[in-house]
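*Asks:* A single structure is presented below for examination.
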Amino acid sequence: MSKKRGLSLEEKREKMLQIFYESQDFFLLKELEKSGPKKGVITQSVKDVVQSLVDDDLVSKDKIGTSVYFWSLPSCAGNQLRNVQRKLESDLQSSKKRFKELVDQCNELKKGREESDERVEALAELKAIELKYNELKEELKQYADNDPAAFEAMSLVLVLP
């Protein structure tokens, strides 16, 4: 004997969408709670499933008076998918344009940076200067304790309180 496994959230969503698409009608929540078990969705989860469909814009919801009506038509889903497709195509075109601009900018920056003996020598000289600068900076740190300005600032701090 195997235990009966319940439907996953995605399966429940599909079953509830089938109810809307097959009837192409408007429903109250109570009606959906009655129709849900016929499709295999337990009554307690119908409200949550329908709300998740509303949140994803697959089902429309409107309050008329004191009643809340739910509906979804296959054509609405098709229109929504077409709108998403248009937006994604627009994003793709703008990304392609930006990519082309960046490639052009990269190629423009590479001009004048071709490998040559003069460039190699200049880079080596730059590296040597940077090393010398770092050495001098380290040496300066060693003498920072004997800096008259730092000594005076420390003595002012000690005298002020």
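The values are calculated or read from the model by the stated rules, or taken from the named source; none is laboratory data. Treat the numbers as computed from the prediction; the structure is a model and nothing was measured. Here Cβ is always computed from backbone atoms with ideal geometry, including for glycine, and neighbour counts include all displayed protein chains. For the accessible areas, the whole protein counts, side chains as well, though only heavy atoms, and no ligand, DNA or RNA atoms are used. Shrake-Rupley method; radii C 1.70, N 1.55, O 1.52, S 1.80 Å.
*Asks:* Computed FRET efficiency, Cβ-Cβ of residue 48 and residue 108, R0 41 Å: what is it to the nearest 0.05?
*Replies:* Efficiency for this residue pair is about 0.15.
*Asks:* How many angstrom lie between the C-alpha centres of region 69-120 and region 11-28?
*Replies:* 37 Å
*Asks:* Same structure again: I'd like the Kirkwood hydrodynamic radius of the chain, using the inverse of the mean 1/r over distinct C-alpha pairs, in Å.
*Replies:* After inverting the mean inverse Cα-Cα distance, the result is 23.9 Å.
*Asks:* Give me a comma-separated list of calculated 3J(HN,Hα) values for region 64-76, in order, Karplus coefficients 6.51, -1.76, 1.60 applied at θ = phi - 60°, integers in Hz, x for any Gly or Pro.
*Replies:* So the J values, rounded to whole Hz, are 10, x, 9, 9, 10, 9, 10, 7, 7, 10, x, 5, 5.
*Asks:* Accessible area of region 41-90 with a 1.4 Å probe: how many percent of it is carbon plus sulfur?
*Replies:* 54 percent
*Asks:* At 1.4 Å probe size, with every protein chain present, just tell me what the per residue accessible area of the chain comes to in Å².
*Replies:* 84 Å²
*Asks:* Hey, got the dipole for region 117-160? About the Cα centre, +1 on K and R Cβ, -1 on D and E Cβ, debye to the nearest 20?
*Replies:* 180 debye
*Asks:* Ranked highest first by the average count of other Cβ atoms within 10 Å around their residues, in what order do 53-60, 117-124 fall?
*Replies:* 53-60, 117-124
*Asks:* Also: Across region 73-161, what fraction of all alpha-carbon pairs, as a whole percent, falls in each successive 5 Å bin from zero upward?
*Replies:* Taking all Cα pairs of region 73-161, the binned fractions are 3, 10, 7, 7, 7, 7, 7, 6, 7, 7, 7, 8, 6, 5, 4, 2, 1 percent.
*Asks:* Now for a different question. Rank 154, 16 by accessible area, highest first, at a 1.4 Å probe radius?
*Replies:* Highest to lowest solvent-accessible surface, that is 154, 16.
*Asks:* Another question, then. Does a label point 7 Å from the Cα of residue 137, set along Cα-to-beta-carbon, have any residues of region 105-123 with amide nitrogen under 20 Å, and which are they?
*Replies:* The answer is 123, whose backbone nitrogens lie closer than 20 Å to the label point.
*Asks:* Quick one: if you stick a label point 7 Å off each Cα along the C-beta vector at residue 152 and residue 87, how many nm between them?
*Replies:* The answer from the label model is 6.5 nm.
*Asks:* Mind giving me the FRET efficiency for residue 97 and residue 127? R0 is 45 Å, r the Cβ-Cβ distance, nearest 0.05 is fine.
*Replies:* According to the calculation, E is roughly 0.70.
*Asks:* On to the next question. Treating cross-link reach as a plain straight distance, find the lysines whose alpha-carbon is under 29 Å from the alpha-carbon of residue 47, omitting any fewer than eight places away in the same chain.
*Replies:* Excluding near neighbours in sequence, the set is 3, 4, 12, 15, 30, 34, 38, 39, 61, 63.
*Asks:* Let me check the size of region 9-72 from its C-alpha atoms; what are the radius of gyration and Dmax in Å?
*Replies:* According to the Cα coordinates of region 9-72, Rg and Dmax are 10.5, 32 Å.
*Asks:* To one decimal place, what orientation-averaged projected area in nm² is obtained for the convex hull of the Cα set of region 117-160?
*Replies:* For the Cα atoms of region 117-160, the hull's average projected area reads 3.8 nm².
*Asks:* What angle, in degrees between 0 and 90 and rounded to the nearest 10, separates the Cα long axis of helix 43-55 from the longest principal axis of the Cα atoms of the chain?
*Replies:* Rounded to the nearest ten degrees, it is 50.
*Asks:* Which one of 146, 107, 88 has its Cα pushed farthest toward the positive end of the charge dipole of the chain, where Lys and Arg give +1 and Asp and Glu give -1 at the Cβ?
*Replies:* Sorting the options by dipole projection puts first 88.
*Asks:* Still on this model: Along each of its three principal axes, how wide is the spread of alpha-carbon positions in region 74-114, in whole angstrom units, largest first?
*Replies:* That works out to 60, 8, 5 Å along the principal axes.
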